[in-house]
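Student: Quick one: the structure is below, questions incoming.
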Amino acid sequence: MPLTIRLAIQDAAKDCAPMAGAAVYLWHCNRAGEYSMYSSAVTNENYLRGVQETDSNGVVTFTSVYPACYSGRWPHIHFEVYPSLAKATDPANKIATSQVALPKDTCDLVYATEGYGQSVSNLTQVSLASDNVFGNDGGAHQLGTISGSVSSGLTVELAVPVETA
């Protein structure tokens, strides 16, 4: 299932002005719930992860696939923000770490398609409120907005205010 991920990185110290030239490292699991480089079956593989620089509007866009819902976690996409591409090579330089939570109604539609069978069951056993990351506020600040359709492709968008001061 194609998914476009669009994050608008904003400088919270400057009234949420766009952060042009920031770097975003983004990663998520595949439709089996595995993370390349980490899950036992795919430790020697490197996919569904990348780094890009924000444009003059502070926006970064990734083209990917819709991630699974694995046991114990709400469907999500991880990301880190760095001040620049040059500084993205050292984890000590990151200025934010967060996740995009995916809306339940869209998850239900995607997981009804071929290849996401296990996600249907896993999603019934977790909620945004019970998730160990989103549970503190039910994902209120991390819940992405979805547009598009399952048949033509989906886009998830999230404004991400980052504390730089």
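Student: Only residues that are on the phi > 0 side of the Ramachandran plot and at pLDDT 95 or above: list them for the stretch 17-49, please.
Tutor: Matches in the stretch 17-49: 21 only.
Student: For the subset of the stretch 133-165 comprising residues that are within 22 Å of residue 111 (Cα to Cα) and exposed (fewer than 14 other Cβ atoms within 10 Å of the Cβ), which member is nearest to the chain's Cα centre (by Cα)?
Tutor: 145
Student: Determine whether residue 134 is at pLDDT 95 or above and aromatic (Phe, Trp, Tyr).
Tutor: no
Student: Which one is farthest from residue 107 (Cα to Cα), of the residues in the stretch 16-37 that are free of Cβ contacts under 8 Å to residues at least 60 places away in the same chain and not in a loop (DSSP other than H, G, I, E, B)?
Tutor: 17
Student: List pairs: first residue in the stretch 84-105 and in contact (Cβ under 8 Å) with a residue 12 or more places away in the chain and hydrophobic (A, V, I, L, M, F, W, C), second residue assigned to a helix (DSSP H, G or I) and crowded, with 16+ Cβ neighbours inside 10 Å anywhere in the structure, Cβ distance under 9 angstrom, at least six positions apart or on different chains.
Tutor: Final answer for the pair search is 102/110.
Student: Next question. Could you grab me the full set of residues in the stretch 135-163 that are hydrophobic (A, V, I, L, M, F, W, C) and either closer than 11 Å to residue 102 by Cα or assigned to a strand (DSSP E or B) (or both)?
Tutor: Taking the stretch 135-163 first, the residues hydrophobic (A, V, I, L, M, F, W, C) are 140, 143, 146, 150, 154, 156, 158-160, 162.
Result: 143, 146, 154, 156, 158, 159, 160, 162.
Student: Please verify whether residue 69 is of a type outside the set (Gly, Ala, Ser), touching a helix residue (DSSP H, G or I) at 6+ places or on another chain (Cβ under 9 Å), buried (at least 16 other Cβ atoms within 10 Å of the Cβ) and not in a loop (DSSP other than H, G, I, E, B), treating the condition exactly as stated.
Tutor: The answer is no for residue 69.
Student: Report yes if residue 6 is among the basic types (Lys, Arg) and either more than 27 Å from residue 138 (Cβ to Cβ) or modelled with pLDDT of 95 or more (or both), otherwise no.
Tutor: When the stated conditions are applied, residue 6 passes them.
Student: Give the residues of the stretch 115-147 that are in contact (Cβ under 8 Å) with a residue 60 or more places away in the chain and farther than 20 Å from residue 80 by Cα, sorted by residue number.
Tutor: If the condition is that a residue be in contact (Cβ under 8 Å) with a residue 60 or more places away in the chain and farther than 20 Å from residue 80 by Cα, then 115, 116, 118, 119, 122 are the ones that fit.
Student: Continuing with the same structure: Residues in the stretch 38-56: is at least one aliphatic (A, V, I, L, M), surrounded by fewer than 16 Cβ atoms within 10 Å (Cβ to Cβ), under 18 Å from the mean Cα position of the chain (by Cα) and in a loop (DSSP other than H, G, I, E, B)?
Tutor: The answer is no; no qualifying residue exists.
Student: Okay, moving on. Filter the stretch 114-125 down to residues that are closer than 17 Å to residue 29 by Cα and outside any helix (DSSP H, G or I) and give me whichever is farthest from the chain's Cα centre (by Cα).
Tutor: 114
Student: Somewhere in the stretch 23-33, is a residue in contact with a strand residue (DSSP E or B) (Cβ under 8 Å, 6 or more places away or on another chain), of a type in the set (D, E, K, R) and crowded, with 17+ Cβ neighbours inside 10 Å?
Tutor: yes
The values are calculated or read from the model by the stated rules, or taken from the named source; none is laboratory data. Keep in mind that this is a model prediction, so the values were computed, not measured. Please note: Cβ atoms are built from the backbone with ideal geometry, for glycine as well, and neighbour counts cover all protein chains shown.
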